Amino acid sequence: MSMRRRLASENQKIMDRARKARKERIFGDKSSHGRRGYSSGEADNQVGDKEGRGMVKVIRLNGEEIYLNMLQIEAIEQIPETKVKMMNGDYYLLKDSAESIMDQIRAFIKGCIVYEDKGK
């Protein structure tokens, strides 16, 4: 096999892997958890507690409900659907509006702030 043909074959393999990774991120393929290094049982523990404090509850385009760590959200883009980009480079396409995600974050932060009663 010639050098040019071998390079084209290797480039095609790289492009196929990148295409598969994009498809997993967009459509939420569960097998991507193995690629990231945590077992199927550990992914459920990422929420932290039963109420999901510090997490944003969102619905993916395929109807799957997921929780995102609000401290790891890098950007929210409102295209016809909502695109949330995470700090690790992953992104999620969601049914929820950007405003509803921001409302959840505001409610959490407001719940963390304790105001002193200066009247005492």
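The values are calculated or read from the model by the stated rules, or taken from the named source; none is laboratory data. Just so it is clear, the structure is predicted and the values come from calculations on it, not from any experiment. Cβ atoms come from the backbone with ideal geometry, glycine included; neighbour counts cover every protein chain shown.
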> Any idea how many residues of the stretch 64-120 are part of a loop (DSSP other than H, G, I, E, B) and hydroxyl-bearing (Ser, Thr, Tyr)?
Replying inline: 2
> Between a first residue in the stretch 82-102 that is farther than 25 Å from Ala21 by Cα and outside the structural domain of Ile66 (by TED's automatic domain parsing) and a second residue that is among the polar types (S, T, N, Q) and modelled with pLDDT under 95, which pairs have beta carbons less than 6 Å apart while being 6 or more apart in sequence or on different chains?
Replying inline: none
> Can you name every residue in the stretch 74-96 that is over 20 Å from Phe27 (Cβ atoms) and out of contact with any strand residue (DSSP E or B) (no Cβ under 6 Å at 6 or more places or on another chain)?
Replying inline: Gln78
> Pairs under 6 Å by beta carbon, first residue farther than 14 Å from Asp103 by Cα and modelled with pLDDT of 90 or more in the stretch 55-76, partner basic (Lys, Arg) and in a strand (DSSP E or B), six or more apart or different chains?
Replying inline: Tyr67/Lys57; Glu74/Lys85; Ala75/Lys85
